[in-house]
Amino acid sequence: MRSGALGRIRRVENWVVFNPTAITNREPATVPPELDYDFWLGPAPKRPYEPLRSHFTFRHFWDYSGGTFIDFWCHIVDVAIWALDLPAPKSVAAVGGRLQLTDNRTETPDTVDALLEYPNLMFSYRLRPSPPPGFEHMGNIGCIFEGADATLVTNYSANEVWVKGKKVEDFPRPPQSIPESPGHVREFLDAVKQRTLETTCNVRYGHRVTKLGLLANIAYRTGRRIQWDDEGERVVGDAQASQLLSRPFRKPYTL
């Protein structure tokens, strides 16, 4: 990206494939004796016990998370934010719904298209039932960088460069300019020992990446494109969307 080998990047598309058939639970709606359900809910609203509200599937309820959409957001959007050094967008829009689920007790959508607006760049993230056509071989998660001269597609383990609709096996790569990471665990241990070293995925960077996905979920829930003031970290001119920037805490929990 940074060498300019692909030309000016005009469009970025991230995708995650979601199979909602995994969201099932036939356990009775009876609190297990080993579960302190009130403590499990914490500051979230008091709700009747539902087996799907605990363990892995808790993320499919708005009280606790933002669905598979936000669950996988950082796992692939990170490579685009990092490679292009992107700040927050000017605006965020999102559409979708529960297009695959018909009879299910969860709340969050199973299909979403989010669009983030940057100067001279369109940035999208899609929660889909299948990979983008033509890139099925890249699997269930990936990122496409569309440049003026070439397109690069990458996932966790591979990357390809395409020019005019054809994959180029011998595309000239620039010299490596970013050092290899020793890994998250090694970085963390080194930072603990040295006290002056900062990890690559530090808290500030995590905040920078995650809030974009949270804004997309807010746009989806309001059904509107939202304008974002990143310096003030506020939604511009939309009181309903602004309310979704924070969560009310159930008593006696406070922050």
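Every number in this text was worked out from the coordinates using simple rules, so none of it is lab data. As the structure is a prediction and not an experimental result, all values here were calculated from the model. Here Cβ is always computed from backbone atoms with ideal geometry, including for glycine, and neighbour counts include all displayed protein chains.
Relative to the longest principal axis of the Cα atoms of the chain, helix 73-84 runs at roughly 30 degrees. Sorting 50-62, 194-206 by their mean Cβ neighbour count within 10 Å, with the most densely packed peptide first, gives 50-62, 194-206. For region 69-139, the set of trypsin sites (Lys or Arg not before Pro) satisfying both a DSSP loop assignment and a count of at most 15 other C-beta atoms within 10 Å is given as K90, R98. Measuring nothing but how far apart in sequence close Cα pairs (under 8 Å, 6+ apart) lie, relative to its length, region 89-199 scores a relative contact order of 12 percent. Judged by the ratio a/c of the largest to the smallest principal axis of the C-alpha gyration tensor, the chain counts as prolate, that ratio being 1.5 or greater while a/b is larger than b/c. Overall, region 186-255 carries a charge dipole of about 360 debye about its Cα centre when +1 sits on the Cβ of Lys and Arg and -1 on the Cβ of Asp and Glu, all other atoms neutral.
Does region 104-188 classify as rounded, prolate or oblate by the C-alpha gyration tensor (a ≥ b ≥ c root eigenvalues; a/c under 1.5 gives rounded; else a/b over b/c gives prolate, otherwise oblate)? Judged from the Cα gyration tensor, region 104-188 comes out oblate (a/c at least 1.5, b/c at or above a/b).
As a test of the formula, what do you get for the chain when each DSSP H run with n ≥ 4 contributes -39,500 (n - 2.57) and the sum is divided by the residue count, at 222 nm and rounded to the nearest 500 deg cm²/dmol? The partial results should precede the final answer.
Details: 6 runs with 58 residues, N = 255.
About -6500 deg cm²/dmol.
Taking all C-alpha pairs of region 1-54, those more than 19 Å from each other amount to 58 percent. The magnitude of the dipole of region 95-195, with charges of +1 and -1 set on the Cβ of Lys/Arg and Asp/Glu and taken from the Cα centre, is near 180 debye.
Place +1 on the Cβ of every Lys and Arg and -1 on the Cβ of every Asp and Glu in the chain, take the dipole about the Cα centre, and give the residue among I218, P131, V203 whose Cα lies farthest towards its positive end. So the residue furthest toward the plus end is I218. Packing, as the average of other Cβ atoms within 10 Å across residues, places the peptides 76-86, 214-224, 242-252, 149-159 in the order 214-224, 76-86, 149-159, 242-252, highest first. Dipole magnitude for the chain: computed about the Cα centre from +1 point charges on Lys and Arg Cβ and -1 point charges on Asp and Glu Cβ, it is near 400 debye. Amide H contacts of S65 (H built 1.01 Å from N, in plane; Pro and chain starts excluded): no residue 5 or more places away or on another chain comes under 5 Å.
Here the label points at D149 and D63, each 7 Å from Cα along the C-beta direction, are separated by 5.5 nm in the simple model. Residues in region 55-63 carry Karplus couplings, in order, of 6, 4, 7, 4, 5, 9, 10, 5, 4 Hz; the curve used is 6.51 cos²θ - 1.76 cosθ + 1.60 with θ = phi - 60°, and Gly or Pro positions show x.
With θ taken as phi - 60° and the Karplus curve 6.51 cos²θ - 1.76 cosθ + 1.60 applied, the whole-hertz 3J(HN,Hα) list for region 154-163 is 9, 9, 5, 10, 8, 8, 9, 10, 10, 10 Hz, x standing for glycine and proline. Here's how it looks for R98: its modeled amide H is under 5 Å from those of D110, which are all 5 or more places away or on a different chain. Can you tell me the orientation of helix 184-194 relative to the chain, as the angle in degrees between its alpha-carbon axis and the longest Cα principal axis, to the nearest 10? Helix 184-194 sits at roughly 90 degrees to that axis. In region 45-145, the C-alpha radius of gyration followed by the widest Cα-Cα span (Dmax) gives 15.6, 48 angstrom.
Note down the relative contact order for the chain as a percent, whole number, built from C-alpha pairs under 8 angstrom at least six residues apart.
Numbers: 389 pairs, mean separation 67.6, N = 255.
With pairs under 8 Å counted, the relative contact order is 27 percent.
Report the local net charge at D63: Lys and Arg +1, Asp and Glu -1, summed over other residues whose C-beta lies under 12 Å from its C-beta.
Working: positive: K46, R47, R53, R59, R247, R250; negative: E50, E107.
The answer is +4.
Each Cα pair under 8 Å and six or more residues apart adds its sequence gap; the mean of these over the residue count of region 1-78 is a relative contact order of 26 percent.
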